[in-house]
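Here's the structure we're looking at; comments come further down.
The values are calculated or read from the model by the stated rules, or taken from the named source; none is laboratory data. Just so it is clear, the model here is predicted, and its values are computed rather than measured. Don't worry about glycine lacking a Cβ; one is built from the backbone with ideal geometry, like all the others, and counts go over all protein chains shown.
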Amino acid sequence: MEKIQATAVEVNGKGVLLRGPSGSGKSDLAVRLIDRGARLIADDYVVAEPNADAASLAPPEAIAGMLEIRGTGLVKMEYARDVPLRLVVDLVPIKEIERMPEPGEISICGAPVPVIKLNPFHASAPIILEMELAAIDGDLEVVR
């Protein structure tokens, strides 16, 4: 089991980890994804456990169903658990994102996971994230 400092959402049955320091936009992007139909897994910390050929994501019990919205406070909402991890998103300023990046990958719970960099504050960030998931599943061709 790994405890990961990140926010996690479930997008069409696929787990996505949003990583970055405090104030980097993790919860902001999560809120916009939830508005598009995603479900919260966990905010702030996520539990990852090995499961078949992918890590499975769940919230720590103490914070299950809670999302911190800057300027509002903690909100309670429905949440998902035991969602297979399919993508890690490192939230960075736009200047740190290459125009044509090589695919990246990291290991979580011994399983390889694609990783991308994304600026969470761009209006297109939720759509780009969904397109990355479609590319991972082979539903969208990305020419690199």
Among all residue pairs at least 6 apart or on different chains, which show Cβ distances below 6 Å where the first residue, located in segment 34-62, is more than 12 Å from Lys3 (Cβ to Cβ) and the second is of a type in the set (Asp, Glu) and in a strand (DSSP E or B)?
Arg39/Glu10; Ile41/Glu10; Asp43/Glu68; Ser56/Glu49
Find all pairs meeting these conditions: Cβ atoms under 8 angstrom apart; at least six residues apart or on different chains; first residue within segment 117-143 and more than 15 Å from Val88 (Cα to Cα); second residue surrounded by 11 or more Cβ atoms within 10 Å (Cβ to Cβ) and hydrophobic (A, V, I, L, M, F, W, C).
His122/Ile128; Leu140/Met131; Leu140/Ala134; Glu141/Ala135; Val142/Ala135
Residue count, segment 68-79 (criterion: in contact (Cβ under 8 Å) with a residue 40 or more places away in the chain, of a type outside the set (Ser, Thr, Tyr) and closer than 13 Å to Glu10 by Cβ)
1
Would you point out which residue out of Lys95, Lys14 is modelled with pLDDT of 95 or more and either of a type in the set (D, E, K, R) or loosely packed, with under 15 Cβ neighbours inside 10 Å (or both)?
Lys14
If we scan segment 119-132, do we find a residue that is assigned to a strand (DSSP E or B), surrounded by 17 or more Cβ atoms within 10 Å (Cβ to Cβ), in contact with a Lys or Arg (Cβ under 9 Å, 6 or more places away or on another chain) and of a type outside the set (Gly, Ala, Ser)?
no
Within the bounds of segment 133-143, is there any residue that is touching a Lys or Arg at 6+ places or on another chain (Cβ under 9 Å) and either at positive phi or modelled with pLDDT of 95 or more (or both)?
yes
Inside segment 109-122, the number of residues satisfying the requirement of being at pLDDT below 95 and aliphatic (A, V, I, L, M) is 1
Looking at this structure, is Ala48 at pLDDT 95 or above and buried (at least 22 other Cβ atoms within 10 Å of the Cβ)?
yes
Criterion violated by Pro114 - all others in (1) touching a residue at least 40 places away in the same chain (Cβ under 8 Å); (2) surrounded by fewer than 18 Cβ atoms within 10 Å (Cβ to Cβ); (3) closer than 18 Å to Glu2 by Cβ satisfied
(1)
